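The values are calculated or read from the model by the stated rules, or taken from the named source; none is laboratory data. None of the values given here were measured: they were computed from a predicted structure. For neighbour counting, all protein chains shown are included, and Cβ atoms are generated from backbone atoms with ideal geometry for every residue, glycine included.
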Amino acid sequence: PVVHHLKDYQTPQFDIVSVFLEFDLKPENTNVTNVMQVKNLNHASLMQLDGEDLELKSILIDGVDITQKCEQTAETLQIPTAGLDTFELNITTSVDPQGNTALEGLYRTSGNYCTQCEAEGFRKITYFLDRPDVLTLFTTKIIADKADNSVLLSNGNLIESGELENNRHYAVWQDPFKKPCYLFALVAGNLECVQDTYRTLDNRDIDLRIYVEPKNIDKCDHAMASLIKSMKWDEERFGLIYDLDIYMIVAVDDFNMGAMENKGLNVFNSKFVLAKPETATDVDYEGIEAVIGHEYFHNWTGNRVTCRDWFQLTLKEGLTVFRDQEFTADMLSPAVKRIEDVKRLRSNQFPEDAGPMSHPIQPQSYIEMNNFYTMTVYEKGAEVVRLYHSLLGEDGFRKGMDLYFERHDGQAVTVEDFRNAMADANNVDLVQMHQWYLQSGTPVLSVKTEYDSVTKKLIVNCSQNIPKLADKFPPLLMPIKIALYSDDGNILPLHPYEGDMEKIVVKGHEAILKLSHKSESFVFEKIEVEPVVSLLRGFSAPVILEYDQSNEDLAKLVTFDSDSFVRWESIQTLALKEITRNIAQLESGQALELSNEFTTAFEGVLKDSSLDNALRALALTLPEMTYIGEQYQQVNVDAVYHVHRWLKIQLATKYEGLFLEQYLQLNKLNEEYHYQKTDIANRKLKNVCLQYLMLLPHQIKLGEQQFNHSQNMTDVLAALDSLSHTDSLEREACLESFYRKWKDDALVLDKWFALQAASHHIHSLAHVKELVKHPDFVYTNPNRVRSVLGVFGRLNMLGFHQPDGEGYHFLAEQIMKLDAINPQVSARIVAPFTHWQHFDGERQTLMKKALQSILDNDNLSKDTYEIVSKSLS
Ligand code: B3K
Ligand code: ZN
């Protein structure tokens, strides 16, 4: 397979000024006529277009048939252009939407037509310069049978429509904004829409539409409300106003990822649109709000200003994730959102960055671009954008954004352009920030503090390192937020030592230490007593912090730190210490024991009704098993699982009374479902209590009751989830009744599959093997595949890592089956295997064997090939 390198980037030789596309839609044989007005910028004698899986019909230049003079390969078309400066290129091809199970290009879903072009899928629709730095004006004519396609949609504005012979009709759409072809979209089918309008800051009325299958029309309200909130938020926070007169969202059931920001016509996985209280959980509601926001925010960060090449992906994705994080924070709770994001980063991005697929947020090469839509490019990318925000402050960051749009609207640019806008708008030098784009691996920040009771000084010694590089890397610029407390919880005023004024920025009672060297000290003066240090507040840099803080200090921070992140982090650290200490006990054959230090802190949170319930729920939840595993070079799966479970049971037993009291009190509230901050928090805490209680066999009935009596999916699913881990009659009965009730609702049924795929039940692997034979399991639907195979590999520690390798063998076989149908999804499902080096001896061998069996497959897609081969090399 071909490897693409950033260093090989060359500017395009041709400009496609405008394109007229005509689609004659038929399920198995859609004709696409593509008429381009081309400018030959450098008098090139050959124009090479991208195209895959296309049946070529004809090629005309300025009306003359030149088909015979062109050369076609599997992935290109070469057209002689010597002596031509501007010309009209007319290419007709045909494609097979019905046979397209890879869901890239033009395909069918539930009998409707839709497209997915990013990253390089437009070339599966027609021959084109399929690269983001070729910006073109698009006009699209769609012709289709009326009976099956009442709705015909594309980007921009509808400029014409009408009837044709043979019960066919057509529509013509024109997009007034130049765009790269990855933002092209077409949708046709029998869809219905809900409609609303939004009045912009500059007083234009925007027509908002959400198109869904008729049976789902009652599940669009939350998505529409989310869209309106997003539009308003972007105007208020960034001064960014929507630019077309219409904004359309289409929900489809078969989609490779969450959603796609096509100009004026977003296509969404129905999972991120459809919701009503009976079918969707709080997590689903929050996901919908975030993804609707994310795609909407792309209209400026991604569409109006786009990427020069795919190595710049984080330019639009890191920035847009940062924006959607801020949006969710403003809509719900900033503290809760920050903690949830850090959890996600640590559980998913840190392992990715420690494994064989580790890459910088600006990758330097790829085989299949779709493999680089990663946690690193997205979530670590967002953390890097957040660094600018921390360094420059909200106002400075906004100035940088304003300048970025002023300079680059309508352009395809690079991460350097973004950094320069941030720097120039604030008159600061940010060159060192570039290292964050080049460096892979999670940096380790080691901190030692020294207090001198004579001079009343506190010295904060910081050093940074990237273990795999030993010392051979240029230092990163890190803003480290810090505050100091007295023993009884008073926050202390900060007086930086005069020589450190440049690198310590004080704001109120908080300071930012600007670490820019490998090792550096920061000194504070006039500290009367030895302080309790609150470090890396708000998780101000995406690093692994090594700071040996006493259990007493951690316990104090749990009770009084005003920074919710540090407060949560402190109890997590205590829990982690408790777990790792007991894992060591277990491994050396000693008895496990609960320490008072941890239980006192835990009990404190459980009893502290002054604390926000969502934060209490987070604090009472133990670190995830994957995060515990991250603490080890080689993880002992059985020990992690055993100790994790043991600790939960200990806590459940010790605090049964308190959990029950809290549970019953919260269970009396929320009769009717509202997606509202305090209600969400109450449900969250209630269900954390339920989880603990359900570990006690005599409390299983509690879950069954909640399952039978709740009206909203959040509570129903929480109960069923707890039940799914038990070996009980109640488990079977509830799973069965859930299936009967929801078998016709695909998104709800996904939850039923996912619960069982993640279950810690002793026969879990056998259950999962049955699940893929279930009549409702289909390999062609990505959501269903992810619910079973994705969840199994990621979350089913016991089943997947079964000591005899049976879990590995099963998943490997499934991946090979899937790869022939949908390579993009298969390349994602294979990810858990790539961490083989992280497991103990025999498991390593078995995992490698499974990977090798996948690699030995002759027809392996380049998607799966890239991941598997990199993880074996
Ligand atoms: N930009 C799309 C992702 C495209 C993935 C291509 N495999 C959705 C998003 O990030 O908003
Ligand atoms: Zn995005």
Can you pull out every residue in region 293-329 that is more than 9 Å from ligand 2 (Cβ to nearest atom) and among the acidic types (Asp, Glu)? ASP309, GLU326
I'd like the full set of residues that are more than 13 Å from ligand 1 (Cβ to nearest atom) and either among the aliphatic types (A, V, I, L, M) or under 22 Å from TYR182 (Cα atoms) (or both), limited to region 313-343. ALA329, MET331, LEU332, ALA335, VAL336, ILE339, VAL342
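LEU586: farther than 19 Å from TYR655 by Cα and either of a type in the set (Ser, Thr, Tyr) or surrounded by 17 or more Cβ atoms within 10 Å (Cβ to Cβ) (or both), yes or no? Reasoning before the result, please.
Numbers: farther than 19 Å from TYR655 by Cα: yes; either of a type in the set (Ser, Thr, Tyr) or surrounded by 17 or more Cβ atoms within 10 Å (Cβ to Cβ) (or both): yes.
Considered against the rule, which asks whether it is farther than 19 Å from TYR655 by Cα and either of a type in the set (Ser, Thr, Tyr) or surrounded by 17 or more Cβ atoms within 10 Å (Cβ to Cβ) (or both), LEU586 comes out as yes.
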What is the number of the single condition among (1) part of a helix (DSSP H, G or I); (2) of a type in the set (Gly, Ala, Ser); (3) over 30 Å from THR136 (Cβ atoms) that SER440 does not meet? (1)
Going residue by residue through region 282-291, is there one that turns out to be within 14 Å of ligand 1 (Cβ to nearest atom) and in contact with a Pro (Cβ under 9 Å, 6 or more places away or on another chain)? no
All but one of (1) touching a Cys at 6+ places or on another chain (Cβ under 6 Å); (2) closer than 14 Å to TYR485 by Cβ; (3) acidic (Asp, Glu) hold for GLU528; state the number of the condition that does not hold. (1)
Answer yes or no: is there a residue in region 831-841 that is in contact with a helix residue (DSSP H, G or I) (Cβ under 8 Å, 6 or more places away or on another chain), in contact (Cβ under 8 Å) with a residue 40 or more places away in the chain, of a type in the set (Val, Ile, Thr) and farther than 21 Å from VAL640 by Cα. no
Can you name the condition, by its number, that ASN90 falls short on among (1) closer than 30 Å to GLU192 by Cβ; (2) crowded, with 17+ Cβ neighbours inside 10 Å; (3) not hydrophobic (A, V, I, L, M, F, W, C)? (1)
Hits in region 274-330 (condition: assigned by TED's automatic domain parsing to the domain that holds MET375, aliphatic (A, V, I, L, M), buried (at least 24 other Cβ atoms within 10 Å of the Cβ) and within 29 Å of ALA614 (Cβ to Cβ)): LEU319, VAL321
List every residue pair whose Cβ atoms sit under 7 Å apart, with the two residues 6 or more apart in sequence or on different chains, where the first one lies in region 104-120 and is within 12 Å of ligand 1 (Cβ to nearest atom) and the second, anywhere, is of a type in the set (Asp, Glu). GLN116/GLU104; GLU120/ASP130
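If you go through region 268-291 one residue at a time, do you hit one that is assigned to a strand (DSSP E or B) and touching a Phe, Trp or Tyr at 6+ places or on another chain (Cβ under 9 Å)? Break it down into steps so the answer makes sense when it comes.
Within region 268-291, the subset assigned to a strand (DSSP E or B) is 268-269.
If we keep only those that are touching a Phe, Trp or Tyr at 6+ places or on another chain (Cβ under 9 Å) too, we end up with 268-269.
Checking region 268-291: at least one residue is assigned to a strand (DSSP E or B) and touching a Phe, Trp or Tyr at 6+ places or on another chain (Cβ under 9 Å).
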The listed residue being hydrophobic (A, V, I, L, M, F, W, C) and away from ligand 2 (no atom under 16 Å from the Cβ), out of MET257, MET224: MET224
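Being under 16 Å from PHE23 (Cβ atoms) and of a type in the set (Lys, Arg) narrows it down to one of ARG123, ARG131, so name that one.
ARG123
Here is a check on your reading of the model: is ILE241 away from ligand 1 (no atom under 16 Å from the Cβ) and of a type in the set (A, V, I, L, M, F, W, C)?
Numbers: away from ligand 1 (no atom under 16 Å from the Cβ): yes; of a type in the set (A, V, I, L, M, F, W, C): yes.
So ILE241 passes the test.
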Only one of (1) within 16 Å of ligand 2 (Cβ to nearest atom); (2) over 19 Å from VAL212 (Cβ atoms); (3) surrounded by fewer than 22 Cβ atoms within 10 Å (Cβ to Cβ) fails for ASP243. Which number is that? (1)
Those residues that are in a loop (DSSP other than H, G, I, E, B) and more than 16 Å from ligand 2 (Cβ to nearest atom), I need them from region 87-119; list them, please. ASP96, PRO97, GLN98, GLY99, ASN100, THR101, ALA102, LEU103, GLU104, SER110, GLY111
Tell me, please, whether a residue that is farther than 27 Å from PHE707 by Cβ, touching an Asp or Glu at 6+ places or on another chain (Cβ under 7 Å) and in contact (Cβ under 8 Å) with a residue 60 or more places away in the chain can be found in region 781-794. yes
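When you scan region 801-808, do you find a residue that is in contact with a strand residue (DSSP E or B) (Cβ under 9 Å, 6 or more places away or on another chain) and farther than 23 Å from GLU704 by Cβ, even just one? Give the steps one after another, and end with the answer.
Of region 801-808, the ones in contact with a strand residue (DSSP E or B) (Cβ under 9 Å, 6 or more places away or on another chain) are 801.
Retained after the next criterion (residues that are farther than 23 Å from GLU704 by Cβ): 801.
Yes, region 801-808 contains a residue that is in contact with a strand residue (DSSP E or B) (Cβ under 9 Å, 6 or more places away or on another chain) and farther than 23 Å from GLU704 by Cβ.
Could you identify the single residue in ILE579, ILE527 that is within 28 Å of ARG344 (Cα to Cα) and either in contact (Cβ under 8 Å) with a residue 12 or more places away in the chain or not in a loop (DSSP other than H, G, I, E, B) (or both)? Please lay out each step first, then the result.
Details: ILE527 fails: within 28 Å of ARG344 (Cα to Cα).
It is ILE579.
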Of all residues in region 183-194, which are under 28 Å from the mean Cα position of the chain (by Cα) and surrounded by fewer than 23 Cβ atoms within 10 Å (Cβ to Cβ)? CYS193, VAL194
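Given the criterion within 14 Å of ligand 1 (Cβ to nearest atom), under 18 Å from THR109 (Cβ atoms) and either in contact with a helix residue (DSSP H, G or I) (Cβ under 6 Å, 6 or more places away or on another chain) or free of Cβ contacts under 8 Å to residues at least 60 places away in the same chain (or both), identify the matching residue among ASN269, ASN262.
Values: ASN269 fails: either in contact with a helix residue (DSSP H, G or I) (Cβ under 6 Å, 6 or more places away or on another chain) or free of Cβ contacts under 8 Å to residues at least 60 places away in the same chain (or both).
Just one listed residue meets the conditions, ASN262.
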Just need a number here: residues in region 661-672 that are surrounded by 14 or more Cβ atoms within 10 Å (Cβ to Cβ) and modelled with pLDDT under 95. 2
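GLN432: in contact (Cβ under 8 Å) with a residue 24 or more places away in the chain, over 21 Å from ASP563 (Cα atoms), part of a strand (DSSP E or B) and of a type outside the set (Asp, Glu), yes or no?
Values: in contact (Cβ under 8 Å) with a residue 24 or more places away in the chain: yes; over 21 Å from ASP563 (Cα atoms): yes; part of a strand (DSSP E or B): no; of a type outside the set (Asp, Glu): yes.
Answer is no for this residue.
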Name the residues in region 850-873 that are charged (D, E, K, R), closer than 13 Å to ILE815 by Cβ and crowded, with 16+ Cβ neighbours inside 10 Å, would you? ASP863
So for region 130-138 (the condition being surrounded by fewer than 20 Cβ atoms within 10 Å (Cβ to Cβ) and within 25 Å of the chain's Cα centre (by Cα)), does at least one residue qualify? yes
